[in-house]
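Reviewing the structure listed below.
The values are calculated or read from the model by the stated rules, or taken from the named source; none is laboratory data. The structure presented is a predicted model; accordingly, all values stated were derived computationally and were not measured. In this analysis, Cβ positions are derived from the backbone assuming ideal geometry, glycine residues included, and neighbour counts consider all displayed protein chains.
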2 protein chains.
Amino acid sequence: MSVIKPSLAKGTRDFSPVEMVKRNFIYDTIKTVFRKYGYAEIQTPSFENLSTLTGKYGDEGDKLIFKILNSGEFLKDPKKKSFDFAGEDNSNKLITLISEKALRYDLTVPFARYVVMHQNDITFPFKRFQVQPVWRADRPQKGRYREFYQCDVDVVGSESLLNEAEFILIYNEALSKLGLKDFSIKINNRKILSGIAEIIGKPDLIIDMTVAIDKLDKIGLEGVSKELLERGFTETDLEKLRPVILLEGTNEEKLASLKEVLAQSETGLKGITEIEQVFDYVESLTAYGLPLTAKLELDITLARGLNYYTGCIFEVKTNEVAMGSIGGGGRYDDLTGMFGLKDLTGVGVSFGADRIYDVLEELNLFPVSTEVGTKVLISNFDAEAEKYALPIVQQFRNAGISAELYPSSAKLKKQMAYADAKNIPYVILIGGDEIASGALTLKDMQSGEQKKLTVLAILELLK
Amino acid sequence: MSVIKPSLAKGTRDFSPVEMVKRNFIYDTIKTVFRKYGYAEIQTPSFENLSTLTGKYGDEGDKLIFKILNSGEFLKDPKKKSFDFAGEDNSNKLITLISEKALRYDLTVPFARYVVMHQNDITFPFKRFQVQPVWRADRPQKGRYREFYQCDVDVVGSESLLNEAEFILIYNEALSKLGLKDFSIKINNRKILSGIAEIIGKPDLIIDMTVAIDKLDKIGLEGVSKELLERGFTETDLEKLRPVILLEGTNEEKLASLKEVLAQSETGLKGITEIEQVFDYVESLTAYGLPLTAKLELDITLARGLNYYTGCIFEVKTNEVAMGSIGGGGRYDDLTGMFGLKDLTGVGVSFGADRIYDVLEELNLFPVSTEVGTKVLISNFDAEAEKYALPIVQQFRNAGISAELYPSSAKLKKQMAYADAKNIPYVILIGGDEIASGALTLKDMQSGEQKKLTVLAILELLK
């Protein structure tokens with residue numbers, strides 16, 4: 001076997017012990033909140049039949065799906081003996097011959113498949129969360145990987161806007177627990193956007209309108225106006241649109257203005273009522289408890305893949321660090337239609353765990369406890385000390401304390417370096433004196449302080 | 001988009017909420033024990049460069065590796081315009097043209113790659129665990145899937161037999177915590193097997209010997225004898241082998257007999273000393289605490305992929321249910337040699353989580369708490385009751401209790417059925433009386449008992 005210098009596949013990452021503790025801190029925090037609101041975890045397989053995935057993500061998305069080669073004799077048709085590669089059509093034809101499954105591209109389509117396949121076992125409303133990796137054949141770049149985790153939480157089979165309100169509380173609680181202090185949960189409603197397009201008299205251009213105004217943050221009003229003109233709007237339309245786009249003030253003030261603007265649009269008014277109902281729910285839910293940490297902002301420029309959402313739309317941003325959205329979602333009315341189950345409404349949001357990781361890292365918000373695995377290392381001086389230490393290390397473990405005995409009598413310097421590298425906060429030194437007296441030397445690795453204590457005293461201290 | 005009836009890819013599984021809670025119970029229990037012994041989690045990517053994986057699992061293994069199609073224009077050589085499929089060689093050649101990465105087949109090879117790539121950042125001994133799915137293009141059958149989890153725990157860079165002893169304690173603690181009461185940890189040593197082959201005068205036939213005697217359980221002494229004769233052993237050899245294979249008595253008695261048999265083999269005696277040392281460590285470690293739940297058995301018929309292991313070999317079986325091994329592992333001296341890092345010794349074991357799941361299910365050992373997600377459901381009688389309930393459901397959550405308010409005022413029967421289906425142990429009923437008096441009706445879903453209690457009293461009860 002020739003020796004090759006190993007490398008990672010392009011766009012993938014290893015996670016070291018320190019990184020894993022931090023990642024688990026994020027996932028565990030989010031999952032705990034999901035569970036508190038009655039959501040239960042499911043998992044779906046890493047690969048699906050190709051037919052389950054293709055055609056769900058648009059042409060660009062389809063190209064980014066990782067296909068898996070059929071195993072064994074992968075030509076299904078034994079009469080086929082050669083293949084002509086020329087042209088992309090032929091490439092596609094070849095794929096159908098040699099591949100029938102693919103890695104999941106997101107958690108939404110597999111969830112839809114799950115709901116349809118298990119519809120007879122599911123009691124609706126079905127509240128599920130799913131935290132699993134997805135794979136995309138994107139060109140890797142800073143912050144964009146070919147394998148990354150999605151954290152999705154959805155409820156299907158309930159029209160109630162209480163669900164929308166609870167997602168706001170879920171975002172608020174999870175992000176607060178992660179240590180964020182200044183973040184915004186933005187909310188919009190597809191029906192308000194439809195109403196605006198209707199009032200202008202261009203209902204068919206709703207997608208063009210929202211794609212353009214969604215860019216307000218990036219390209220400013222002038223840029224948006226230019227794009228709207230290019231996309232088929234007139235100067236007259238723009239005059240009607242501008243005040244809506246530039247809507248300012250509190251949520252109540254914005255809603256009041258919108259009610260006037262949308263007075264003639266039934267759909268638009270429905271969207272406003274929905275937003276108001278969500279705000280009411282949030283207020284009632286938090287009536288006895290703490291107010292929201294998050295700023296809850298009505299933002300009618302928010303669109304996020306509009307052709308998918310049918311009601312409320314959410315997006316979450318931190319105001320402490322320059323970073324894209326760290327979460328988003330909304331209500332959809334036809335999740336499972338693609339698999340033949342019609343009229344099942346749902347609403348869901350997701351957390352951008354990788355971005356949240358970067359935010360917490362930048363703000364130094366990972367708690368110190370996330371850096372600690374083993375709590376105490378017992379040094380190994382010689383065979384006699386080792387023998388003495390063996391039942392002691394086990395006593396710590398029996399008390400629920402993560403403990404190690406250095407596995408050989410290496411130089412003390414090396415053993416201390418080991419404790420340092422693993423961020424172990426305490427080291428117990430056992431030599432002849434300690435064995436004779438029963439008082440062990442406990443070294444606090446942070447302060448450097450040393451104390452002589454009995455095993456029981458140390459146990460009490462570390463518990 | 002044509003509607004297709006969705007199905008799972010062959011050999012894969014969905015995990016429902018109930019299954020996930022049970023699976024998490026197993027993983028969390030095992031991971032907690034790993035951490036207590038100083039092991040830290042890492043993760044590696046789901047796919048690796050094909051060159052990292054091929055040639056590591058033998059020809060049969062290589063065929064079971066799932067290859068991923070290159071994305072985009074997958075023909076690397078633009079001059080190549082057609083391909084002749086005839087013959088398997090050509091299939092293999094085609095693979096090199098259209099695939100350069102593959103799903104991981106186990107956690108061992110990616111771990112070896114990890115250690116080599118990060119050797120300058122790692123402080124040895126490196127104690128890591130890894131719990132991730134692996135994929136194999138096996139023919140699916142009962143209990144065998146194409147995607148399944150492995151739970152591996154290894155230490156590299158330490159020769160100490162303390163590690164072996166601690167793996168025995170790790171198995172003992174994790175499986176006891178999972179509720180198993182009668183299980184055996186079998187131990188053997190490659191050096192003892194080498195010694196036996198040496199004494200018989202057939203050191204080159206060690207693999208044939210161990211493959212045959214490993215089957216003692218299944219085919220009995222007669223079957224083993226027949227196979228040994230077929231594999232090049234003589235009747236004279238068998239006379240020497242039989243007493244060794246049939247070794248009975250306590251571990252001490254077996255070791256005493258083996259010492260006589262292997263008196264002329266330096267390697268064999270080394271193996272015995274290693275086993276004795278491991279037993280000594282286990283005894284010292286447990287000197288002050290509870291004795292092992294597990295039966296620790298020297299079993300010299302144990303081989304498990306012998307060409308890989310160089311020292312101790314482990315296998316774990318439950319005696320309560322007929323089931324293959326639920327764990328195994330051993331010491332290896334050349335994990336990372338395949339990637340050019342020589343002489344790094346390591347030892348590791350793994351847990352067969354899927355089989356453990358089946359065992360716990362069969363013995364009804366999953367704790368009741370694993371069936372509970374949401375602890376209390378507040379019924380939704382009408383708009384007034386909903387309004388009254390909103391701050392209350394949030395009070396429960398603020399107290400760390402998983403709670404739901406049914407999201408609409410559906411028929412009570414439907415709401416109760418929802419609580420039943422989700423195994424929610426308590427339902428709070430709020431009607432006009434309850435709102436007037438402030439005493440809510442708490443229904444225990446198991447006993448059917450109903451009590452009138454204030455919110456605070458219910459909070460105390462459920463905490």
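Of all positions in region B:15-33, at least one carries a residue that is among the basic types (Lys, Arg), in a helix (DSSP H, G or I) and more than 9 Å from chain A (Cβ to nearest Cβ). Within region A:99-108, the set of residues being within 11 Å of chain B (Cβ to nearest Cβ) and surrounded by fewer than 22 Cβ atoms within 10 Å (Cβ to Cβ) comprises A:Ser99, A:Glu100.
Could you check region A:132-155 and list, in sequence order, the residues that are closer than 20 Å to B:Ser402 by Cα and touching a helix residue (DSSP H, G or I) at 6+ places or on another chain (Cβ under 6 Å)? Residues satisfying the conditions are A:Cys151, A:Val153, A:Val155.
Looking only at residues in region A:312-363 that are under 16 Å from A:Ser158 (Cα atoms) and among the hydroxyl-bearing types (Ser, Thr, Tyr), which one is nearest to the other protein chains (Cβ to nearest Cβ)? Taking the candidates together, the pick is A:Thr336.
Only one entry of A:Tyr309, A:Tyr288 meets the criterion of being in a loop (DSSP other than H, G, I, E, B), touching a helix residue (DSSP H, G or I) at 6+ places or on another chain (Cβ under 7 Å), more than 14 Å from chain B (Cβ to nearest Cβ) and modelled with pLDDT under 95, and that entry is A:Tyr309.
Of all residues in region A:374-385, those that are closer than 18 Å to B:Arg128 by Cα, more than 9 Å from chain B (Cβ to nearest Cβ) and either among the polar types (S, T, N, Q) or not in a strand (DSSP E or B) (or both) total 1. The residues of region B:308-334 that are closer than 19 Å to B:Thr273 by Cβ and either of a type in the set (A, V, I, L, M, F, W, C) or in contact with a His (Cβ under 9 Å, 6 or more places away or on another chain) (or both), listed by number, are B:Cys312, B:Ile313, B:Phe314. Tell me, which residue of region A:291-305 that is among the aliphatic types (A, V, I, L, M) and touching a Lys or Arg at 6+ places or on another chain (Cβ under 9 Å) is farthest from the other protein chains (Cβ to nearest Cβ)? Step by step, filter region A:291-305, then rank; the result is A:Ile300. The strands (runs of 3 or more DSSP E) found wholly in region B:386-450 and carrying at least 3 residues that are within 14 Å of chain A (Cβ to nearest Cβ) occupy B:403-405, B:426-429.
Looking at region A:385-405, which of its residues are without any contact (Cβ under 8 Å) to a residue 40 or more places away in the chain and over 15 Å from A:Ala419 (Cβ atoms)? Scanning region A:385-405 gives A:Glu386, A:Lys387, A:Leu390, A:Pro391, A:Gln394, A:Arg397, A:Asn398. Scanning region A:312-333 for residues that are in contact with a strand residue (DSSP E or B) (Cβ under 9 Å, 6 or more places away or on another chain) and assigned to a loop (DSSP other than H, G, I, E, B) turns up A:Asn319, A:Glu320, A:Met323, A:Gly324, A:Ser325, A:Ile326, A:Asp333.
Okay, residues lined up against (1) within 16 Å of A:Asp299 (Cα to Cα); (2) hydrophobic (A, V, I, L, M, F, W, C):
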position: A:Ile200; (1), (2): no, yes
position: A:Gly220; (1), (2): yes, no
position: A:Gly271; (1), (2): yes, no
position: A:Ser284; (1), (2): no, no
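Across region A:11-23, the qualifying residues are those that are without any contact (Cβ under 8 Å) to a residue 60 or more places away in the chain and either farther than 27 Å from A:Arg139 by Cβ or under 17 Å from the mean Cα position of the chain (by Cα) (or both), and the one among them that is surrounded by the fewest Cβ atoms within 10 Å (Cβ to Cβ) is A:Glu19. Here B:Asn163 meets each of (1) closer than 30 Å to B:Phe366 by Cβ; (2) surrounded by 22 or more Cβ atoms within 10 Å (Cβ to Cβ) with one exception, condition (1). Does B:Phe111 satisfy being closer than 30 Å to B:Glu41 by Cβ, part of a strand (DSSP E or B) and at pLDDT 95 or above? Against the criterion (closer than 30 Å to B:Glu41 by Cβ, part of a strand (DSSP E or B) and at pLDDT 95 or above), B:Phe111 does not qualify. Within region A:262-285, if we keep just the residues that are surrounded by fewer than 18 Cβ atoms within 10 Å (Cβ to Cβ) and of a type in the set (A, V, I, L, M), the residue that is nearest to the other protein chains (Cβ to nearest Cβ) turns out to be A:Leu269.
Checked across region A:440-453, the condition of being surrounded by 16 or more Cβ atoms within 10 Å (Cβ to Cβ), out of contact with any strand residue (DSSP E or B) (no Cβ under 8 Å at 6 or more places or on another chain) and not hydroxyl-bearing (Ser, Thr, Tyr) holds for no residue. When region B:112-148 is filtered for residues that are within 10 Å of another protein chain (Cβ to nearest Cβ), among the aromatic types (Phe, Trp, Tyr) and either under 19 Å from the mean Cα position of the chain (by Cα) or surrounded by 18 or more Cβ atoms within 10 Å (Cβ to Cβ) (or both), the ones remaining, listed by number, are B:Tyr114, B:Phe126, B:Phe129, B:Trp135, B:Tyr145.
Within region A:403-419, identify whether any single residue is under 25 Å from A:Asp28 (Cβ atoms), surrounded by 15 or more Cβ atoms within 10 Å (Cβ to Cβ) and acidic (Asp, Glu), and answer yes or no. Yes, because at least one residue in region A:403-419 is under 25 Å from A:Asp28 (Cβ atoms), surrounded by 15 or more Cβ atoms within 10 Å (Cβ to Cβ) and acidic (Asp, Glu). Taken over region A:35-59, the criterion of being assigned to a helix (DSSP H, G or I) and more than 7 Å from chain B (Cβ to nearest Cβ) is satisfied by A:Leu50, A:Leu53, A:Gly58, A:Asp59. Within region B:359-373, can one find any residue that is outside any loop (DSSP other than H, G, I, E, B), surrounded by 18 or more Cβ atoms within 10 Å (Cβ to Cβ) and at pLDDT 95 or above? Yes, because at least one residue in region B:359-373 is outside any loop (DSSP other than H, G, I, E, B), surrounded by 18 or more Cβ atoms within 10 Å (Cβ to Cβ) and at pLDDT 95 or above. Among the residues in region A:326-347, are any of a type in the set (Phe, Trp, Tyr) and surrounded by 19 or more Cβ atoms within 10 Å (Cβ to Cβ)? Yes. Just name the residue that is farthest from the chain's Cα centre (by Cα) out of those in region B:243-255 that are surrounded by fewer than 14 Cβ atoms within 10 Å (Cβ to Cβ) and assigned to a helix (DSSP H, G or I). Ranking the qualifying residues of region B:243-255, first place goes to B:Pro243.
Where helices (runs of 4 or more DSSP H) fall wholly inside region A:156-240, the ranges with 3 or more residues that are under 28 Å from A:Ala263 (Cβ atoms) and without any contact (Cβ under 8 Å) to a residue 60 or more places away in the chain are A:206-213, A:216-230.
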